[in-house]
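Below: the structure, in C-alpha cells.
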Amino acid sequence: MVKVFFQDIGVPTKNRAELVDITQDVEGTVRGSEIRNGLCIIHSVHSTTAIIVNENEAGLAKDILKKVQQEYEKGADWLHDKVDDNADAHLASSFIGSTRMFPVREGRSERGTWQNIFLLESDGPRPRRIVVEVLGMRSHEHRASEQARANFSRILTLHS
C-alpha cells in the first residue's frame, strides 16, 4: 500500500532575488517520512518563486540570479506591472517552475553529487512556504510486498 507524507517548510527570504538552499530540509522530510522507495515532490505555493536544482557554489548562484534577471527583466514594460510591480517575478516562476520531483530509494532522494535543491525567490523578502510530499512504500511494507510477489510467483509455478 502506498503511503503519503506531507511536511511544510517555512523559508524566510531576505532579498528581492536570492537562492535559498533547502536541500537539508527536504532530506530531513524524506527521512522523517519513513518511506523507503517512492517519490519526493517539492512544491512552492507562491507564484513569484521557483524550485531549481543545481550545485551550491557561490559564483554559480550569482550567475543563476543574473541570468534570471536578464531573461525576466524588472521594468521591461510588462503589462502586469501596471497592476502590481512584480511581473518579472511571475514570469520567472512560470517558466522555471514551482515544482520538482525526485525518486526516493532506500530512504534517500536520488540526487546527483552536486545537485542541491533551491528556492528561487524573485519577489522578496517574504516568508515563504514549501510543501514536500513523499509517497511510496515504507520499509516493512516493502519487505511484505516482496514476500507477496515471491509467494505469487511460487503459486503460478505450481499451477503451470
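Within the stretch 56-70, does at least one residue satisfy the condition of being over 18 Å from residue 118 (Cα atoms) and surrounded by fewer than 13 Cβ atoms within 10 Å (Cβ to Cβ)?
From the stretch 56-70, those over 18 Å from residue 118 (Cα atoms) are 70; that's our starting set.
Next, only the ones that are surrounded by fewer than 13 Cβ atoms within 10 Å (Cβ to Cβ) stay: 70.
So far as the stretch 56-70 goes, yes, one or more of its residues are over 18 Å from residue 118 (Cα atoms) and surrounded by fewer than 13 Cβ atoms within 10 Å (Cβ to Cβ).
In the condition set (1) without any contact (Cβ under 8 Å) to a residue 24 or more places away in the chain; (2) under 23 Å from residue 127 (Cβ atoms); (3) not in a loop (DSSP other than H, G, I, E, B), residue 68 is compliant with all but (1). For the stretch 103-128, a residue qualifies if it is more than 12 Å from the chain's Cα centre (by Cα) and either of a type in the set (A, V, I, L, M, F, W, C) or assigned to a strand (DSSP E or B) (or both), and the qualifying residues are 104, 105, 108, 114, 121, 127, 128.
Any chance you could count how many residues in the stretch 96-106 are surrounded by fewer than 16 Cβ atoms within 10 Å (Cβ to Cβ) and either under 19 Å from residue 37 (Cβ atoms) or among the charged types (D, E, K, R) (or both)? Lay out the reasoning, then the answer.
Pass one, the stretch 96-106, residues surrounded by fewer than 16 Cβ atoms within 10 Å (Cβ to Cβ): 97, 99, 101, 103, 105-106.
Now restrict to residues that are either under 19 Å from residue 37 (Cβ atoms) or among the charged types (D, E, K, R) (or both): 101, 103, 105-106.
Residues that pass the stated criteria total 4.
In the condition set (1) without any contact (Cβ under 8 Å) to a residue 60 or more places away in the chain; (2) touching a helix residue (DSSP H, G or I) at 6+ places or on another chain (Cβ under 7 Å); (3) closer than 16 Å to residue 95 by Cβ, residue 81 is compliant with all but (3).
When residues in the stretch 72-102 are screened for being over 15 Å from residue 121 (Cα atoms) and part of a helix (DSSP H, G or I), 4 of them pass.
Among the conditions (1) surrounded by fewer than 16 Cβ atoms within 10 Å (Cβ to Cβ); (2) touching a residue at least 40 places away in the same chain (Cβ under 8 Å); (3) farther than 12 Å from residue 128 by Cβ; (4) not charged (D, E, K, R), the only one that residue 28 does not satisfy is (2).
No lab work stands behind these numbers, since they all come straight from the coordinates. Small disclaimer: the values here were computed from a predicted structure and weren't measured. So basically every Cβ, Gly included, is an ideal-geometry build from the backbone, and we count neighbours across all protein chains shown.
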